[in-house]
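The structure appears below as structure tokens.
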Amino acid sequence: MRAQRRHAWAILALPLAGSALAIGLAIRDGGAPWQALAILGVCYLLTYAGITVGFHRLLSHRAFETVPWLRNLLAVLGCMAAQGPAIYWAANHRLHHIRSDRDGDPHSPRIAHGRALGRWEGFWHAQIGWTFNHTPADVFANARDLTRDRSLMKINQRYLWWVALGLAVPALAGLLMLGDAYGALLGLLWGGAVRLTLSYHFTNAINSVTHIVGTRPFGGRNTSTNFWPIALPTLGEAWHNNHHAFPTSARFGLDWREPDIGWWIISGLDAAGLARNIRRPAPESIAARRAAAADQRAMPSPSVDPGPSVDLGPSVDLGRPDAKDSDAQDGDEDLAA
Ligand SMILES: [Zn+2]
Ligand SMILES: [Zn+2]
């Protein structure tokens, strides 16, 4: 637990301090150079793809398969986002699906350590607090399949190297693009500190915001929502109610009105022959689930308001080969390759 707390402090406070310095220097200098902002954009996109395409869709849910070098590259890019080692991230995330908004969910805004949380306390817990005090996920219980992948294990064990590489690369880019040590510092601050601050808070907004506000087209036995304002910066993660309804789907934004950059990346990999066995729900299945959720909403509600609904609709498996304690009910027949 001490290691958890140290990591939590480091990933919260250090990038925040670096971001404050970056903004302070930009004010003093009359703006940040475009090169520093370009480094931020590219590093954010690559490392966030490591999280949503790599850690989440590929490793946690096995929503598609890819060639070993790309699987390893995505795992390294995900580690550079400093949200924990790949296998731990996946084990912890699978626990979120298995125990969604019930005791044992590592970052529910509804409940923590057996105690119901108020709205703002719940927001704080799901956004930041959980990183300091969640019960560590059992990697061997929840991600045993990933521990059998030897190259993934090696990448996992070198987690701190990749975090350091995620700082060294933007610093080097700053040095090359701006030509001096101050340029390297700006590269480090914008491509390292500001990037980490943004990716930390956008990822945790999926735990907090998209379990508190937004729409619930598929209902489900959890409080997950779709919340469009953060769809672009989360590369499609914000279609979180869709994701809880179809966890093994590689596509989170289920129609053209739901932009999903992670899905566009996977489609690009598919076009390049680098992705296969891509899992997606069949259109009839999406329509049936949407209709079932609408029927449930239309049912007469009790006279006493029970608060935000935690209805018990169906869900699908997690993509974990040995998934059993999940809210799985209608399984793979929902999925078209
Ligand atoms: Zn969730
Ligand atoms: Zn998930």
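Readers should treat all values here as calculations from the given coordinates under stated rules, not as data from a laboratory. Note that the structure is predicted; figures quoted are calculated from it, not measured. Note: ideal-geometry Cβ built from the backbone for every residue, glycine included; neighbour counts use all protein chains shown.
Tabulated values for the structure
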{"quantity": "Residue order, fewest to most beta carbons within 10 Å, for I98, I87, I206", "calculated": "I98, I206, I87"}
{"quantity": "Cα shape, segment 94-153, gyration tensor, a/c 1.5 rule", "calculated": "prolate"}
{"quantity": "Share of Cα-Cα pairs in segment 2-67 lying beyond 16 Å, as whole percent", "calculated": "67"}
{"quantity": "Which of Y48, Y182 has the fewest Cβ neighbours within 10 Å, and the rest in rising order", "calculated": "Y182, Y48"}
{"quantity": "Dipole moment magnitude, nearest 20 debye, the chain about Cα centre, only Lys, Arg, Asp, Glu C-beta charged", "calculated": "740"}
{"quantity": "Separation between Cα centres of segment 70-104 and segment 247-274, rounded to whole Å", "calculated": "19"}
{"quantity": "Calculated over segment 145-196: convex hull of Cα atoms, volume per residue (Å³)", "calculated": "76"}
{"quantity": "Placed amide H near A275: partners under 5 Å, 5+ positions off or other chain", "calculated": "D270"}
{"quantity": "In degrees, nearest ten, helix 86-98 long axis to first principal axis of the chain (Cα)", "calculated": "30"}
{"quantity": "Centroid-to-centroid separation of segment 213-245 and segment 155-182 [C-alpha atoms, Å]", "calculated": "33"}
{"quantity": "Estimated FRET transfer efficiency when R0 is 35 angstrom, pair W228-A288 (beta carbons, to 0.05)", "calculated": "0.90"}
{"quantity": "Ranking of S100, S267, S151 by count of other Cβ atoms within 10 Å, fewest first", "calculated": "S151, S267, S100"}
{"quantity": "Inter-label distance for D255 and D145, nm, one decimal - labels placed 7 Å from Cα along Cα-to-Cβ", "calculated": "3.1"}
{"quantity": "FRET efficiency, A116 to D295 (Cβ-Cβ, R0 30 Å, nearest 0.05)", "calculated": "0.60"}
{"quantity": "Degrees separating the helix 261-271 axis from the principal Cα axis of the chain, which is the longest one", "calculated": "90"}
{"quantity": "Choice from G268, G54, G84 showing the highest fluctuation, given a GNM over the chain with Cα pairs closer than 10 Å", "calculated": "G268"}
{"quantity": "Per-q log10 I(q)/I(0), segment 39-141, q = 0.19, 0.21, 0.24 Å⁻¹ (Debye; single scatterer per alpha-carbon; no solvent)", "calculated": "-0.95, -1.06, -1.19"}
{"quantity": "Placed amide H near I111: partners under 5 Å, 5+ positions off or other chain", "calculated": "L117"}
{"quantity": "Along principal axes, Cα extents of segment 165-226, largest first, whole Å", "calculated": "54, 18, 14"}
{"quantity": "Around L160: net Lys/Arg minus Asp/Glu count, Cβ-Cβ under 14 Å", "calculated": "+3"}
{"quantity": "Reduced Cα scattering model of segment 196-245, Debye log10 I(q)/I(0), q = 0.28 Å⁻¹", "calculated": "-1.00"}
{"quantity": "Average projection area in nm² (convex hull over Cα atoms of segment 89-188, one quarter of hull surface)", "calculated": "8.8"}
{"quantity": "Which of A20, A38, A168, positive extreme of dipole for the chain (C-beta unit charges)", "calculated": "A168"}
{"quantity": "Simple spin-label estimate for A20 and A272 in nanometres, 7 Å along Cα-Cβ", "calculated": "4.0"}
{"quantity": "Charge context of S208, other residues only, Cβ under 14 angstrom, K/R +1, D/E -1", "calculated": "-2"}
{"quantity": "Kirkwood hydrodynamic radius of the chain, from inverse mean 1/r over distinct Cα pairs, in Å", "calculated": "20.6"}
{"quantity": "Computed [θ] at 222 nm, helices only, for the chain once each DSSP H run of length n ≥ 4 contributes -39500 (n - 2.57)", "calculated": "-15500 deg cm²/dmol"}
{"quantity": "DSSP-assigned coil residues among trypsin sites (Lys or Arg not before Pro) in segment 123-231, each with at most 16 further Cβ atoms within 10 Å", "calculated": "R148, R158"}
